[in-house]
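For reference, the structure discussed in these notes is given below.
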Amino acid sequence: MDGNRRYARKRNQIASSGHVSGFHKLSNVLEWCNELGIGNVSVFAFAINNFNRSTDEVSALMSLAKEKLHELASRSDLVRSYEVRICVVGNRSLLAEDVREAAEFAEETTKHNKGMRLNICFPYSATDEISTAVRRITEDVEAGKLEISEIDEQALEKRLLIPGPDLDILVRTSGQIRFSNYMLWQSAKMAYIRFVNVHWPDFTFFQMFYILVSWQLAYNDIKERKKDLGKVA
């Protein structure tokens, strides 16, 4: 969900207004995904290195996150109608207690929902996710829950914050051609990656639909490449 600040600057607005517009766009995209039968959606809401931004902006983002997590879980018609299950994934130890409580409230309130799974990555980085998985493996070996001979790709994957299913499509908005430390492990397994030259609040259904059609056209080739990847592994 990149480009909220630039979207606001382009309109001579403060940064926080861009983030609010980004949240509204998320609601639109979730509705589109549900209508198209997409069962798992992950969004990069806040990177760990975003804590390096100005104190005012970080504070505004945390307040917005707390407010919107409560709103999504308890007052959103979309979440209620489509039975969206919210999962907040990331390093929660970096969050203030009231924000952690909002994350826990959103998960607890929606945990029995049977519809789309929404992974809100907040605060997140792929390197932190992978190092956390490695630490969990070490702890399980020390506790006698895992043998050293059992350590393999699948053992690590099970301990990721976003363990599966396989990532099919990764979309990066705002015209930036980089991953920014997002879902690096998942992307490596032949995900279809698209960089879109539009700020997140300006992202449209037609752009999303074009990406989905392009992925479908490439699907057989991706499937064959995944088989080859499996043979090498």
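The values are calculated or read from the model by the stated rules, or taken from the named source; none is laboratory data. Computed from a prediction, not measured in an experiment: that's the story for all the values here. Counting neighbours? That spans all protein chains shown, and the Cβs are built from the backbone with ideal geometry, glycine included. For the accessible areas, the whole protein counts, side chains as well, though only heavy atoms, and no ligand, DNA or RNA atoms are used. Shrake-Rupley method; radii C 1.70, N 1.55, O 1.52, S 1.80 Å.
Gyration tensor analysis over the Cα atoms of segment 107-233 returns equivalent ellipsoid semi-axes of 30, 20, 15 Å (largest first, whole Å). The order of K68, K226, K145 by accessible area, most exposed first and with a 1.4 Å probe, is K145, K226, K68. In this structure, the pairs whose alpha-carbon distance is over 21 Å, taken from K114/K226; K111/K189; K25/K189; K25/K66, are K114/K226; K111/K189; K25/K189. Please report the relative contact order for the chain, taking Cα pairs under 8 Å with a sequence separation of at least 6, and give it as a percent rounded to a whole number. Computed value for the chain: 22 percent relative contact order. Label point of F205 set 7 angstrom out along Cα-Cβ; within segment 17-33, amide nitrogens under 16 Å from it belong to 25-33. Charges were assigned to the Cβ only: +1 to each Lys and Arg, -1 to each Asp and Glu. The resulting dipole of the chain about its Cα centre is roughly 760 debye. Does the chain come out rounded, prolate or oblate by the C-alpha gyration tensor, with a ≥ b ≥ c the root eigenvalues, rounded set by a/c under 1.5 and, if not, prolate when a/b is larger than b/c and oblate if not? Verdict is oblate for the chain. Full extension of the chain between E97 and D152 yields a length gain of 16.3 nm, computed as 0.36 nm times the residue separation minus the alpha carbon distance. Here's the list of aspartates and glutamates a cross-link from K10 could span, going by alpha-carbon distance under 16 Å and ignoring same-chain residues fewer than 8 apart: D2, D202. Dipole check for segment 71-144: with +1 at the C-beta of Lys and Arg, -1 at the C-beta of Asp and Glu, and the Cα centre as origin, the magnitude is about 320 Debye.
Determine the gain in length on full extension of the stretch A191-T138; use 0.36 nm per residue of separation and subtract their C-alpha separation, reporting nm with one decimal.
This chain segment gains 16.2 nm when fully extended.
In the assembled protein chains, V29 presents an accessible area of approximately 10 Å² (probe radius 1.4 Å). Taking E153, E142 and ordering them by how much accessible surface each has at a 1.4 Å probe, largest first, produces E142, E153. Computed over the chain with a Gaussian network model linking Cα atoms closer than 10 Å, the most mobile of G39, G144, G115 is G144. For the chain, what is the mean residue ellipticity at 222 nm derived from helices alone (per DSSP H run of n ≥ 4: -39500 (n - 2.57); sum divided by total residues; nearest 500 deg cm²/dmol)? It comes out at -17000 deg cm²/dmol, rounded to the nearest 500.
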